[in-house]
Every structure is written in C-alpha cells, then in structure tokens.
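One structure below.
Every read-out reported here was derived from the displayed coordinates using simple, explicitly stated rules and does not represent laboratory data. Being a predicted model, the structure only gives us computed values, none of them experimental.
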Amino acid sequence: MPKPKAEQFLIDDLVIDIPVWGLTGYLRERLDGGLYEGPERALVRKFVRADDRVLDLGAGAGVVAMIAARIVGAEKVVASRRTPRCARPSSAISAGTGCTRSS
C-alpha cells in the first residue's frame, strides 16, 4: 500500500491537505491542536471587513487567505507563497470559497 502524499487536518471548518514532506513534529502538533496560525486567524476575523481587499504574503497552507475569502469574497484576496512546490492550493481548502490558482 503506497504512503499518502498528504495528510488532512481540520482548522476551523476548513479541511486542509498538508504534503507529508512538509510536516514537522511542531507543525503537526499545531495542526492537530487547531493552533495553526491561531493569532493570524483571530486578527482576520476581528479586523477584515466585507469591503476590504486582502494580500496574504507568505500564505503557507492558505488558511488565513481562505478565512479572509469567506469575509470579503475570493475575488478580493491575493495569496502568495515563496516556495513553488507549495503554490497549488488544496482543492479541499478552496472548495466553497471561489478561490482559484493563478501562475
């Protein structure tokens, strides 16, 4: 049986796929405990309003961008990742938010 290429985690109500190659012990602990980007998620919920535009530099797994997209609409969110191998958002994350990938 082949090993999975990604593991799924539930953050808020988002199911995210994290590539196995990127999972460290610390990251797994944060994801399992629902703590991943906790302060950032709280700030987005507190300060981002429906008429804002959001630029997420260093988007990581895209969780903060997806939460912002639910508030302002996906068309008003730009998320950027430095690492090309992380550039494609998970369909599990982007489903229901209207988010798409652009190269």
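Counting only DSSP beta bridges with both residues in segment 6-94, the antiparallel share comes to about 60 percent. Pairwise Cα distances in segment 6-94 exceed 22 Å for 21 percent of all pairs.
Working from Cα pairs under 8 Å separated by at least six residues, relative contact order for segment 8-69 is 33 percent.
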